[in-house]
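The values are calculated or read from the model by the stated rules, or taken from the named source; none is laboratory data. Being a predicted model, the structure only gives us computed values, none of them experimental. Cβ: placed from backbone, ideal geometry, glycine included. Neighbour counts: every protein chain shown. Quick note on the areas: whole protein, heavy atoms, side chains included, nothing else; ligands and nucleic acids left out. Shrake-Rupley method; radii C 1.70, N 1.55, O 1.52, S 1.80 Å.
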Amino acid sequence: MSAGFASIVGAGPGDPELITLKALKRIRAADVILYDRLVNEELLEYARPDAERIYCGKAPGRHSMPQWQINELLVALVRQGKTAVRLKGGDPFVFGRGGEEALALAEAWLPYEIVPGITSAIGSAASSGIPLTHRGVAGSFAIVTGSLCHDNEKPPRWDLLAHSVDTLVVYMGVSRLGEIRAELLRHGKPESTPVALIERGTTAEERVVAGTLADIHKLAEAMKLENPALIVVGEAVSVRESLLRLEAEARLRIG
Ligand code: SAH
């Protein structure tokens with residue numbers, strides 16, 4: 001039997017309209033879709049009615065299907081001749097373990113492709129009015145993990161990040177917000193540094209709060225911040241405040 005094909009696909013940051021045309025085409029053509037928790041399920045409506053849908057999602061701290069099993073399943077499906085889509089939230093290569101799946105397919109000498117997606121930092125920052133770079137304010141940004149759940153991972157160098165990058169976007173940092181805040185303050189970031197928390201960015205349920213390193217942990221508690229959420233640190237966050245102020249002024253004048 002000839003081998004099928006695997007597409008490791010980014011579904012975008014949450015709003016189903018933010019998927020790429022290429023990703024949508026792959027969903028429509030798939031025999032089988034292996035999808036994650038962060039994928040907007042509306043996107044599965046584009047699949048063929050007879051397409052098999054397999055949930056591989058992980059809740060924070062729990063693994064419903066271990067990564068090795070997902071890799072093996074993907075390899076087995078492609079060996080059976082299936083057109084398989086591995087659908088992941090955001091971009092498959094940004095904290096998405098898509099690289100591990102690509103390696104498993106490549107090691108089995110099976111054909112595959114990677115379809116990029118809008119990662120949640122890019123999507124959520126833009127949708128909430130925070131330009132990750134802004135002339136005269138922020139000339140660099142970094143995407144960082146706030147979680148240390150994999151023992152082989154080195155923790156981020158907060159000492160260097162605090163000084164060398166203008167805007168920091170922390171993924172998987174909700175449960176460690178207090179520690180991350182303390183690290184940044186310890187390494188000399190001023191208490192007045194603006195910080196935003198974006199929960200369910202780009203979706204209809206998006207919630208955003210902004211404060212500073214001085215009070216952000218309290219704001220998170222007050223709003224009962226939940227996953228999935230991002231922590232955005234840097235002066236760029238204050239551009240959102242300007243946008244909101246100007247929008248409010250415009251509404252007053254017009255209204
Ligand atoms: N591959 C994904 C990231 C997976 S890691 C991507 O490119 O976006 C999971 C983390 O992504 C979550 O803990 C959260 O920090 C972030 N995340 C994903 N979707 C999000 C959303 N809609 N709003 C805010 N954060 C999100």
Can you tell which of Leu177, Leu225, Thr202 lies farthest toward the positive end of the dipole of segment 132-255, using +1 and -1 charges on the Cβ of basic and acidic side chains (Lys, Arg; Asp, Glu)?
Thr202
The simple spin-label model distance between Ser2 and Lys218, using points 7 Å out along Cα→Cβ, in nm, is 6.6
Select from the chain the helices, each a whole stretch of DSSP H, whose alpha-carbon atoms run 24 Å or more along the helix axis and whose Kyte-Doolittle mean is at least -0.5; answer none if there are none.
237-254
The aspartates and glutamates whose Cα lies under 12 Å from the Cα of Lys218, excluding any fewer than 8 residues away in the same chain, are none
Leaving ligands, DNA and RNA out of it, work out the accessible area of Ser64 with a 1.4 Å probe and give it in Å² to the nearest 10.
80
Taking the alpha-carbon distance from Lys25 and a cut-off under 14 Å, which aspartates and glutamates remain once sequence neighbours fewer than 8 residues away in the same chain are dropped?
Glu17, Glu45, Glu113
Rounded, prolate or oblate: which one fits segment 120-243, using the alpha carbon gyration tensor with axes a ≥ b ≥ c (rounded when a/c is under 1.5, else prolate when a/b beats b/c, else oblate)?
rounded
Ignoring any ligand, DNA or RNA, what whole percent of the accessible area of the chain comes from carbon and sulfur when the probe is 1.4 angstrom?
54
Only Lys, Arg (+1) and Asp, Glu (-1) charged, at Cβ; the chain dipole about Cα centre in debye
140
Under a Cβ-only charge scheme (Lys and Arg +1, Asp and Glu -1), can you give me the dipole magnitude of segment 104-208 about the Cα centre, in debye to the nearest 20?
340
Solvent-accessible area per residue, Å², over the chain with all protein chains present [probe radius 1.4 Å]
52
Mind checking which of Pro111, Ile254, Val78 is farthest towards the positive end of the chain's charge dipole, using Cβ charges of +1 (Lys, Arg) and -1 (Asp, Glu) about the Cα centre?
Ile254
How much net charge surrounds Leu243 when only other residues with a Cβ under 13 Å from its Cβ are counted (Lys, Arg +1; Asp, Glu -1)?
0
Take the Cα atoms of the chain, find their three principal axes, and give me the spread along each one in whole Å, biggest first.
63, 49, 33
Could you rank Ile231, Ile19 by how accessible they are, 1.4 Å probe, largest area first?
Ile19, Ile231
How about Lys154: which lysines have a C-alpha closer than 27 Å to its C-alpha, ignoring those fewer than 8 places off in the same chain?
Lys58, Lys88, Lys189
Just order 65-75, 242-252 by mean Cβ neighbour count inside 10 Å, highest at the front, would you?
65-75, 242-252
